[in-house]
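The values are calculated or read from the model by the stated rules, or taken from the named source; none is laboratory data. Values in this document were obtained by computation on a predicted structure and should not be read as measured data. Here the Cβ is made from the backbone with ideal geometry for all residues, glycine too, and neighbour counts use every protein chain on show. Surface accessibility is based on the protein's heavy atoms, side chains included, excluding ligands, DNA and RNA. Shrake-Rupley method; radii C 1.70, N 1.55, O 1.52, S 1.80 Å.
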Amino acid sequence: MAENTDVVVIGGGYAGVMAANRLTQREDVTVTLINPRPTFVHRVRLHQLVGGSHGAVVDYREVLGERVRLVVDTVARIDAAGRSVTLADGGTVGYDYLVYAVGSGSADPGVPGAAEFAYPIATFEEAGRLRPVLDAAPATAAVTVVGAGPTGIETAAELAEAGRAVTLVCGGVLGPYLHPRGRRSVAGRLAKLGVTVLDGPETKVTAVTRDAVRLADGRELPSQVTIWTAGFGVPDLAVRSGLSTDALGRLLTDETLTSTDDARIVAAGDSAAPSGLPLRMSCQAAIPLGARAADTVLSRIAGEQPATLNQTFAGQCVSLGRRAGIFQFAHRYDVAVWFHIDGRLGARIKEFVCKGITTHLADEAGKPGSYRLHLVSGGAKRRQLLQAERGEVPATAERAA
Ligand SMILES: Cc1cc2nc3c(=O)[nH]c(=O)nc-3n(C[C@H](O)[C@H](O)[C@H](O)COP(=O)(O)OP(=O)(O)OC[C@H]3O[C@@H](n4cnc5c(N)ncnc54)[C@H](O)[C@@H]3O)c2cc1C
């Protein structure tokens with residue numbers, strides 16, 4: 001009889017669920033998924049949780065394969081030498097292979113008063129803490145959203161559409177990823193919603209107090225509720241477990257997503273740093289990375305050489321309230337181009353994308369191995385960058401993916 005292989009997946013987000021489902025392709029693989037909550041958090045909807053238009057959770061029964069065992073707990077430490085993880089409740093779980101998919105959360109704001117008085121929304125618990133604060137604040141209360149990446153833009157628009165008086169403090173440029181045309185469109189929609197947008201380097205936040213936000217140029221904005229969306233950090237589990245990471249704490253891997261320390265550990269999603277050149281933290285990357293991580297484990301079990309990363313991006317899709325949105329198209333290597341779709345159609349596309357995410361996971365649960373998007377060719381630019389970093393000159397000028 002074939003020997004059984006135990007695979008433990010840490011983190012039941014987009015990457016972890018995709019990996020866990022895909023691993024059930026083999027009958028002789030037992031998959032255990034460890035996650036702190038009994039429900040799946042649809043993180044790309046957390047601004048909707050804050051605005052009250054969606055709960056941002058999905059029952060794991062809808063997205064997780066029947067053969068995946070869900071353990072509701074937090075991994076406190078990885079013992080790579082002993083091939084086991086220690087849980088917060090004190091128990092241990094052994095493994096033959098480990099998928100590290102702990103995702104991301106809020107970055108340390110590093111600004112006086114921000115940790116004390118501003119509300120982050122990068123995790124379910126954080127978004128949940130903000131909700132009652134907003135409910136208790138009068139409708140006229142000044143709400144300040146700090147950070148103008150997609151999370152900040154989406155949050156500002158969602159709250160303004162719900163009738164809130166919102167100021168979006170960019171600390172730089174509005175929507176740094178966007179093409180100037182796309183940026184103009186977003187700025188126009190935010191203006192229509194009544195959001196005051198403060199951009200430019202002089203709008204960097206230097207301090208947050210109970211009722212105000214101070215900017216680099218000395219301005220002090222009254223703010224009854226301050227929401228912090230500037231930047232993501234990652235859990236320090238890999239660092240605490242003595243594994244090699246990049247400066248942020250993402251697990252360092254090669255292009256097959258295998259840890260540089262240990263061939264039994266692979267990483268996926270926001271907490272992975274393949275070749276020290278991590279992809280943009282996004283659901284868009286996390287799902288294919290989860291599939292790639294599972295394929296790497298399955299290849300090793302089969303005694304085959306795992307394939308390398310082949311990531312391609314489509315762009316960035318940002319909701320601007322429930323009635324508008326923007327799909328900013330990009331090169332496959334993730335640089336925005338002139339073309340976008342905005343307005344109502346943009347909103348419909350964004351909703352389609354959000355629903356499509358859970359459909360991808362559910363499809364893989366029902367038919368493991370069916371997901372194919374991580375196999376679409378698109379890694380040429382990345383290979384060029386890696387070669388340049390290693391000081392190698394590409395033998396032939398490869399076309400950008
Ligand atoms: C408001 C908002 C809107 C967003 N919108 C978009 C968007 O439109 N498009 C897009 O591409 N991206 C978007 N993102 C980013 C996207 O949500 C993340 O990049 C994505 O969730 C990363 O997926 P992941 O699987 O790596 O991690 P996560 O989804 O963060 O999942 C990680 C899981 O691991 C668990 N975990 C952590 N530590 C441990 C531990 N020690 N033990 C066990 N489990 C652990 C976490 O609790 C979590 O359940 C958005 C993010 C936010 C906050």
Accessible area per residue, 1.4 Å probe, Å², for region 237-378: what's the number?
-> 40
Quarter of Cα convex hull surface for the chain, i.e. mean projection, nm² | 20.4
Ellipsoid equivalent to region 134-234 - semi-axes via the Cα gyration tensor, in Å | 20, 17, 12
At Ala80 and Arg210, where each label point lies 7 Å from the Cα along Cα→Cβ, what is the point-to-point distance in nanometres?
-> 4.7
Alpha-carbon centroids, region 14-90 and region 314-374: separation in whole Å | 22
Roughly how many percent of the accessible protein surface of the chain is carbon and sulfur, given a 1.4 Å probe and a whole-percent answer?
-> 53
For region 144-169, list residues with backbone N below 16 Å from a point placed 7 Å from the Cα of Ser53 toward its Cβ?
-> 150-166
DSSP-defined antiparallel bridges as percent of all bridges, the chain, nearest 5 | 45
Given the peptides 70-76, 272-278, 298-304, arrange them by the average over their residues of other C-beta atoms within 10 Å, most packed first.
-> 272-278, 70-76, 298-304
Using modelled backbone amide H atoms (1.01 Å from N, in-plane), which distant-in-sequence or interchain residues come within less than 5 Å of His54's amide H?
-> Leu49
Under 17 Å from the Cα of Lys204 - aspartates and glutamates, other chains or at least 8 residues apart | Asp108, Asp217, Glu220
Can you tell me how much longer the chain between Asp73 and Ser244 gets when fully stretched, taken as 0.36 nm per residue apart minus their C-alpha distance, in nm with one decimal?
-> 59.2 nm
Ordering Leu373, Leu198 by how much accessible area each has at a 1.4 Å probe, largest first, what is the list?
-> Leu373, Leu198
Might you tell me the accessible area per residue for region 1-135, computed with a 1.4 Å probe and given in Å²?
-> 42
Could you name the aspartates and glutamates whose alpha carbon sits less than 16 Å from that of Lys192, not counting residues in the same chain fewer than 8 places away?
-> Glu154, Glu158, Glu161, Asp342
Give the distance, in whole Å, between the Cα centre of region 207-264 and the Cα centre of region 107-138.
-> 15
Based solely on its DSSP helices, what 222 nm [θ] is calculated for the chain when runs of n ≥ 4 H residues each add -39,500 (n - 2.57) and the sum is averaged over all residues, nearest 500 deg cm²/dmol?
-> -9000 deg cm²/dmol
All alpha-carbon distances of region 216-373, grouped into 10 Å bins from 0, give the whole-percent distribution 10, 29, 32, 22, 7, 1, 0
Candidate aspartates and glutamates for bridging to Lys381, where Cα separation is under 19 Å - those fewer than 8 sequence places away on the same chain excluded = Asp254, Glu255, Asp334, Glu389, Glu392, Glu398
According to a simple spin-label model (label point 7 Å from Cα along Cα-to-Cβ), what is the distance in nm between Asp89 and Asp6?
-> 1.6
Estimated inter-spin distance, Glu27 and Ala141, nm [label 7 Å along Cα→Cβ] | 5.8
For Glu62 and Asp262, compute 0.36 nm times the residue count separating them, minus their Cα-Cα distance, and round to one decimal in nm.
-> 68.7 nm
Restricting to Cα pairs under 8 Å and 6 or more apart, the percent relative contact order of region 1-97 works out to 28
